[in-house]
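Right, one structure below, let's go through it.
The values are calculated or read from the model by the stated rules, or taken from the named source; none is laboratory data. Here the structure is a predicted model, which is why all the values come from computation and not from measurement. All Cβ positions, even for glycine, are placed from backbone atoms using ideal geometry, and neighbour counts span all protein chains on display. When the accessible area is computed, the model is the full protein with side chains, heavy atoms only, and any ligands, DNA or RNA have been set aside. Shrake-Rupley method; radii C 1.70, N 1.55, O 1.52, S 1.80 Å.
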Amino acid sequence: MEGNPTGGCIAVLNAGSSSVKFALYEAGDNGALLFRGQVEQLGLAPRMKVVDARGETVTRRKWTNEQLDHRRATEEILKLGRELLAGRPVLGIGHRVVHGGMRFDAPARIDGEVLKYLGTLVPLAPLHQPHNLAPIEAIAEAAPQMPQVACFDTAFHRSQTALAGNFALPRELTDAGVRRYGFHGLSYDYIVAHLAETMPVLARSRLIIAHLGNGASLCAVDEGKSVASTMGFTALDGLMMGTRTGALDPGVLLYLMMERRMSAKNIEDLLYRKSGLLGVSGISSDMRTLRQSPEPEAAEAIALFVYRIVREIGSMAAALGGVDGLVFTAGIGENDPATRSEVAAGCRWLGLTLDEERNRRGETRIHAEGSRLTAWVVPTDEERMIARYTGRILATAPGSTLRPAVL
Ligand code: ADP
């Protein structure tokens, strides 16, 4: 696909619980970004914003809540895609799919059978998987000739051993799929690929990657492969997040059910939407807001966020048998020098000293000269990773001729 002779494009859809993000790239591993945008606030007051490669806004639209659900949002995105591409062909559409179960350790071309399997995983990720599958189904109906590829958040972690994946539960439950899967895999995959290109020696060493966004997790990576991660059966486990608890003594759930008589739905709401930075601060789930707040509760929430990261870094270092590099990524990891500095202070025992000036400027290398543990800031790009995989799968699929399809 070198040089993109067909002029074809790859479209990427990333459907979350209240948003559908999308991007259009020229085909090719590092094909130019053409447009990116999102429909957000689905279920509240849906609105769309699209920017071009230079970040200039090309479209803004609003709908009332009744007008737009996930499926209709996908239709609107396809319609807009057609306009923006002005007849330029689309080779395929890549989707972020949160769960690939134990079957998928790599992205997959979607057909009826694959879609059916992915549907069976809905009980494992009821808040995410149905939203991920809705656009795939909508496109399969509206444009059945369009090749579609699923890129899984779990796939990167399939390299983990059973030891790292198993809970101490009766075997029957483990066999039924109640085990650790790990998430944020596309982000970790992108970081590892980027390091392999730019710093190959570092990429082959023992790394802890800290994906710190609204969702947050750590991944222990050895020789480019995931060996452990803080997220487990669901994306609730591990670190404290914007609105999610992270790891919680399971006894708390028993207490909430038996003493507080909370229903499963209310507990779900508490664990996913009312806890984390929001719950502890009582102010906001957004790190920027908390950093600017003079309230002691904001500082307490941040302190707990950092403490949990430092504790879990210890756990990841143990899983790796030592650590050479710590990589920060995602909204907070990329943009908040204070969080990086506070986490680094808790990692002094691992031999980490930051260069505070480099950290403040958000340079790629932020450790001080002579620091035994190195530290880095690497912006993640999950959509780019999906576009890459989609292009590669379509190019290598048996019988594929990469015939452009009409969106
Ligand atoms: P998502 O998981 O929804 O993709 P992001 O990776 O965009 O989330 O991360 C969102 C988080 O990043 C929010 O807590 C936000 O406050 C934080 N963030 C973004 N920019 C900054 C900044 N300049 N300083 C501090 N925090 C920031």
- Message: Return the residues of segment 290-302 that are open to solvent by 60 Å² or more (accessible area, probe 1.4 Å) and either touching a residue at least 12 places away in the same chain (Cβ under 8 Å) or within 14 Å of the ligand (Cβ to nearest atom) (or both); say none if nothing qualifies.
- Response: 291, 292, 295, 297, 300
- Of the conditions (1) acidic (Asp, Glu); (2) within 23 Å of the chain's Cα centre (by Cα); (3) surrounded by 14 or more Cβ atoms within 10 Å (Cβ to Cβ), the single one that residue 363 does not satisfy is (3)
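Residues are listed down the side, and each one gets a yes or a no for (1) polar (S, T, N, Q); (2) in contact with a strand residue (DSSP E or B) (Cβ under 9 Å, 6 or more places away or on another chain):
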{"site": "263", "(1), (2)": "yes, no"}
{"site": "282", "(1), (2)": "no, no"}
{"site": "286", "(1), (2)": "no, no"}
{"site": "307", "(1), (2)": "no, no"}
{"site": "311", "(1), (2)": "no, no"}
{"site": "315", "(1), (2)": "yes, yes"}
{"site": "328", "(1), (2)": "no, yes"}
- Query: Being under 17 Å from residue 211 (Cα atoms) and either within 15 Å of the ligand (Cβ to nearest atom) or free of Cβ contacts under 8 Å to residues at least 40 places away in the same chain (or both), is that true of even one residue in segment 312-319?
  - Reply: yes
- Elements of type strands (runs of 3 or more DSSP E) contained in segment 42-118, each with 1 or more residues being farther than 26 Å from residue 187 by Cα: 57-62
- Query: Taking segment 333-360 only, how many residues are within 16 Å of the ligand (Cβ to nearest atom), open to solvent by 20 Å² or more (accessible area, probe 1.4 Å) and among the hydrophobic types (A, V, I, L, M, F, W, C)?
  - Reply: 1
- Query: Within the group 318, 330, which residue is surrounded by fewer than 16 Cβ atoms within 10 Å (Cβ to Cβ) and within 21 Å of residue 219 (Cβ to Cβ)?
  - Reply: 318
- Take segment 362-382 and flag every residue that is farther than 30 Å from residue 11 by Cα and within 13 Å of the ligand (Cβ to nearest atom). 362
- Mind listing whichever residues of segment 215-271 are without any contact (Cβ under 8 Å) to a residue 12 or more places away in the chain and among the aliphatic types (A, V, I, L, M)? 252, 254, 257, 258, 262, 264
- Message: Among the residues of segment 198-214, are any more than 14 Å from the ligand (Cβ to nearest atom), under 30 Å from residue 120 (Cα atoms) and either out of contact with any strand residue (DSSP E or B) (no Cβ under 6 Å at 6 or more places or on another chain) or at pLDDT 95 or above (or both)?
- Response: no
- Query: So is residue 159 of a type outside the set (A, V, I, L, M), within 17 Å of residue 320 (Cβ to Cβ) and touching a strand residue (DSSP E or B) at 6+ places or on another chain (Cβ under 7 Å) or not?
  - Reply: yes
- Task: Report whether or not residue 90 is at pLDDT 95 or above and surrounded by 16 or more Cβ atoms within 10 Å (Cβ to Cβ).
- Result: no
